[in-house]
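Peer 1: To start, I am sharing the structure in question, which I have written as structure tokens.
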Amino acid sequence: MFQRKLIVVLSVVALLAITAGVSQASWSRVEGMGLTVPAMSQFTDDYSNMFAYPTSVVRQNNVVWAELGNNPGGGVNSVDTEDQAFTVVRNFASIGSIAFQMKQNALNSPVASGNLSNEQLDVIWGKAFSAFDFAVRFDMTNSSYENEDNTPAGFKARGFDLGFGFDPYPFGVGFFEDVILDSGIEINTYGITPAIAIHMDNDDRFEAAATYRRYTLDRSESPTPGETFEDGGNASYAFLARAILHRGGTHTWYPAAWYVNDDLSWEVTGVTLTPRSADESYKQFGIGISDNMRVNSDNLLLWGVMFAQGKHSYERTDNNDAVSSGATRTFEEKETLLPMVFAAIETQATSWLTVRVGASRAHISGRTEFSDFVLPTAGTFNEKTRESEFNFSLGTGIKWNNLDVDMTLNEEFPLSGGYILSGNEATPFTRVSATYHF
């Protein structure tokens with residue numbers, strides 16, 4: 001679990017920092033410049049910025065953008081078809097710009113995307129004015145399940161997930177941290193993100209976005225008095241801000257800061273005599289800056305530094321009577337990047353071929369604290385870690401007229417030569433994207 005939480009943190013903060021490019025493109029291009037998981041790219045101007053800063057949509061051309069799948073392990077039979085997406089961006093002179101994305105999972109949710117597997121809508125509207133731009137993004141997932149038979153028993157769930165049969169409590173009477181994410185229980189969400197971009201001199205801009213989000217979880221089992229498992233009713237929110245500052249015609253600086261609070265608190269009734277509840281949140285915040293340097297019209301060099309932290313907190317808010325004494329009382333884990341440095345280059349090798357290289361070095365400090373209900377003295381645990389992590393990536397892009405095909409290179413492939421030369425069945429690429437401009 002510790003490693004999984006580290007990936008969650010890096011997917012929001014580390015991946016925010018390394019993206020760059022001579023031209024806007026796709027997740028494959030972003031990954032090819034040093035990212036291990038597709039996420040936002042707020043330290044450069046890219047199509048992916050639309051989901052973090054909806055005002056970015058007014059600066060996009062008319063495009064159709066397709067992600068064809070993800071294969072991070074490189075195996076021939078391990079392509080993640082749930083990680084596909086199709087996006088259309090269309091500019092209208094009278095009403096502004098609209099972006100509409102279709103996908104199975106809510107891939108733009110950094111914390112619970114694996115538990116949001118029935119996305120229904122993700123749309124952005126934005127309009128440019130003389131002194132500022134304004135935009136709004138709305139996204140939601142929606143699924144449910146209901147079962148009745150000729151007995152008094154029945155089961156209803158918001159979120160279509162039958163991985164644990166008809167019992168909405170896969171953890172039984174043992175209430176532990178991270179039960180929703182680790183158990184894979186499907187939940188639903190909706191979020192609304194208003195955003196504004198203020199125009200300044202020399203085409204400089206200041207952009208900000210604020211998200212209000214609700215995660216809903218509602219499961220019940222009859223007969224009466226029945227069991228219910230539902231969210232705690234707390235809202236989640238996020239604030240992001242950045243500036244785009246042009247310096248001397250060659251350098252563009254991207255200072256940025258962000259704070260995200262996702263609340264997955266929950267309450268259970270009907271399992272024990274008294275209700276059971278827990279406050280649980282996932283917080284991420286950070287600050288950083290990058291310099292996008294145009295060496296010439298065909299080459300871009302980017303470097304920067306950032307500081308960030310991800311924190312997962314859990315606290316049982318009941319007295320644990322009539323429940324296993326070993327149940328978790330409090331749990332907290334943190335991952336801190338102090339700092340992360342990154343660099344990337346994108347070069348136009350020929351008129352139709354682009355080559356990308358990216359790398360990052362992160363110094364990671366971790367801390368985990370735990371306590372339970374063991375009596376007469378509660379059990380406690382405290383762990384501290386410190387490590388360094390290096391990431392290196394390669395990517396390529398091919399251009400035919402208005403069509404760009406971007407690929408993230410499988411690092412095993414150049415060394416093995418693929419199946420023909422070595423018998424290694426690893427695929428040449430771990431992700432392929434296509435963007436059509438019209």
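Peer 1: Put a dot 7 Å past each Cα toward the Cβ at residue 374 and residue 198; how far apart are the dots in nm?
Peer 2: Using points 7 Å along Cα→Cβ, the separation is 5.5 nm.
Peer 1: Of the residues 413, 176, 331, which exhibits the maximal mean-square fluctuation in a Gaussian network model of the chain defined by a 10 Å Cα contact cut-off?
Peer 2: Comparing 413, 176, 331 in the GNM, the peak value goes to 413.
Peer 1: Taking a ≥ b ≥ c as the square roots of the Cα gyration tensor eigenvalues, with a/c under 1.5 meaning rounded and otherwise prolate when a/b beats b/c, else oblate, which class fits the range 302-356?
Peer 2: Values: a/c = 7.56, a/b = 3.42, b/c = 2.21.
Taking the square roots of the gyration eigenvalues as a ≥ b ≥ c, the range 302-356 is prolate.
Peer 1: Provide the solvent-accessible area of residue 247, counting protein heavy atoms only and rolling a 1.4 Å probe, rounded to the nearest 10 Å².
Peer 2: Counting only protein heavy atoms, the figure is 90 Å².
Peer 1: Now for a separate question. Could you give the angle, 0 to 90 degrees to the nearest 10, between helix 2-12's Cα long axis and the longest principal axis of the Cα atoms of the chain?
Peer 2: 40 degrees
Peer 1: As a check on your grasp of the helix formula, calculate [θ] at 222 nm for the chain: sum -39500 (n - 2.57) over DSSP H runs of n ≥ 4, divide by the residue count, round to the nearest 500.
Peer 2: Numbers: 6 runs with 35 residues, N = 438.
Dividing the helical sum by the residues of the chain leaves -2000 deg cm²/dmol.
Peer 1: Still on this structure, I have one more. Have a look at 286, 403, 110 and report the one farthest towards the positive end of the charge dipole of the chain, computed about the Cα centre with Cβ charges (Lys/Arg +1, Asp/Glu -1).
Peer 2: Of 286, 403, 110, it is 403.
Peer 1: Please report the net charge: other residues with Cβ closer than 15 Å to the Cβ of residue 58, K and R +1, D and E -1. Can you show the working numbers first?
Peer 2: Working: positive: 59, 90, 127, 137, 205; negative: 45, 46, 133, 203, 207.
Local net charge: 0.
Peer 1: Got a number for the accessible area of residue 351? Probe 1.4 Å, square angstrom, nearest 10.
Peer 2: Using a 1.4 Å probe on the heavy atoms, I get roughly 100 Å².
Peer 1: Could I ask something else about it? With unit charges on the beta carbons (Lys and Arg positive, Asp and Glu negative) and the dipole taken about the Cα centre of the chain, which residue among 300, 420, 120 sits farthest to the positive side?
Peer 2: Value computed over the given set: 300.
Peer 1: Rounded to the nearest 0.05, what FRET efficiency do residue 235 and residue 437 give with R0 = 60 Å and r taken as the Cβ-Cβ distance? Could you check?
Peer 2: Numbers: r = 38 Å, r/R0 = 0.64.
After rounding, the FRET efficiency stands at 0.95.
Peer 1: On to the next question. Just check the range 80-120 against the gyration tensor rule for me: Cα atoms, a ≥ b ≥ c as the square roots of the eigenvalues, rounded for a/c under 1.5, and otherwise prolate or oblate depending on whether a/b exceeds b/c.
Peer 2: Working: a/c = 3.62, a/b = 2.46, b/c = 1.47.
In terms of gyration-tensor shape, prolate.
Peer 1: Could you give the alpha-carbon Rg of the range 330-397 over 2.2 N^0.38 Å, rounded to two decimals? Can you show the working numbers first?
Peer 2: Values: Rg = 21.1 Å, N = 68, 2.2 N^0.38 = 10.9 Å.
The value comes to 1.93.
Peer 1: Which value results when the Cα radius of gyration for the range 236-282 is divided by 2.2 N^0.38 Å? Please list the in-between numbers first.
Peer 2: Numbers: Rg = 21.4 Å, N = 47, 2.2 N^0.38 = 9.5 Å.
Working it through for the range 236-282, the quotient is 2.25.
Peer 1: Continuing with the same structure: In the chain, with Lys and Arg counted as +1 and Asp and Glu as -1 at Cβ, which of these residues, 245, 433, 215, has the Cα nearest the positive end of the dipole, that is, farthest along it?
Peer 2: It is 245, whose Cα lies furthest towards the positive end.
Peer 1: If I model a spin label at residue 305 and residue 353 as a point 7 Å from the Cα along the Cα→Cβ vector, what separation in nanometres do I get?
Peer 2: 3.7 nm
Peer 1: Using the Cα centre as the reference, give the magnitude of the dipole from point charges on the C-beta atoms of the chain (Lys, Arg: +1; Asp, Glu: -1; all else neutral), rounded to the nearest 20 debye. Working shown, then result.
Peer 2: Numbers: 30 positive and 53 negative charges, 298 e Å.
Roughly 1420 debye for the chain.
Peer 1: Using a 1.4 Å probe on the protein heavy atoms only, what accessible surface does residue 340 show? Give it in Å² to the nearest 10.
Peer 2: 0 Å²
Peer 1: Now for a separate question. Past 21 Å, Cα to Cα: identify those pairs from 156/311; 334/384; 311/384, in the order given. Don't skip to the answer; put the middle values down first.
Peer 2: Working: 156/311 32 Å; 334/384 10 Å; 311/384 14 Å.
Over 21 Å apart, Cα to Cα: 156/311.
Peer 1: While we're on this one: So what's the net charge close to residue 83: Lys and Arg +1, Asp and Glu -1, counting the other residues with Cβ under 13 Å from its Cβ?
Peer 2: Around residue 83, the surrounding residues sum to -3.
Peer 1: Could I ask something else about it? In a shell of Cβ-Cβ distance under 13 Å around residue 360, excluding residue 360 itself, what net charge do Lys and Arg (+1) and Asp and Glu (-1) give? The partial results should precede the final answer.
Peer 2: On the way: positive: 361; negative: 31, 389.
Once positives and negatives cancel, what remains is -1.
Peer 1: Residue by residue through the range 400-408, what is 3J(HN,Hα) from phi via Karplus (6.51 cos²θ - 1.76 cosθ + 1.60, θ = phi - 60°)? Round to whole Hz and write x for glycine and proline.
Peer 2: Couplings: 10, 6, 8, 10, 10, 10, 10, 9, 8 Hz.
Peer 1: What's the Kirkwood radius of the range 170-262 in Å, using all Cα pairs?
Peer 2: Numbers: mean 1/r = 0.0587 Å⁻¹.
One over the average 1/r among Cα pairs gives 17.0 Å for the range 170-262.
Peer 1: Of the accessible area of the chain, with the probe set at 1.4 angstrom, what percent is carbon plus sulfur?
Peer 2: Details: 11230 of 19090 Å².
The computed percentage sits at 59.
Peer 1: Also: Note down the relative contact order for the chain as a percent, whole number, built from C-alpha pairs under 8 angstrom at least six residues apart.
Peer 2: Numbers: 1232 pairs, mean separation 71.1, N = 438.
It comes to 16 percent, rounded to a whole number.
The values are calculated or read from the model by the stated rules, or taken from the named source; none is laboratory data. As the structure is a prediction and not an experimental result, all values here were calculated from the model. A quick note on method: Cβ atoms are made from the backbone with ideal geometry, for glycine too, and the neighbour counts reach across all protein chains shown. These area figures cover heavy atoms from the full protein model, side chains too; ligands, DNA and RNA do not enter into them. Shrake-Rupley method; radii C 1.70, N 1.55, O 1.52, S 1.80 Å.
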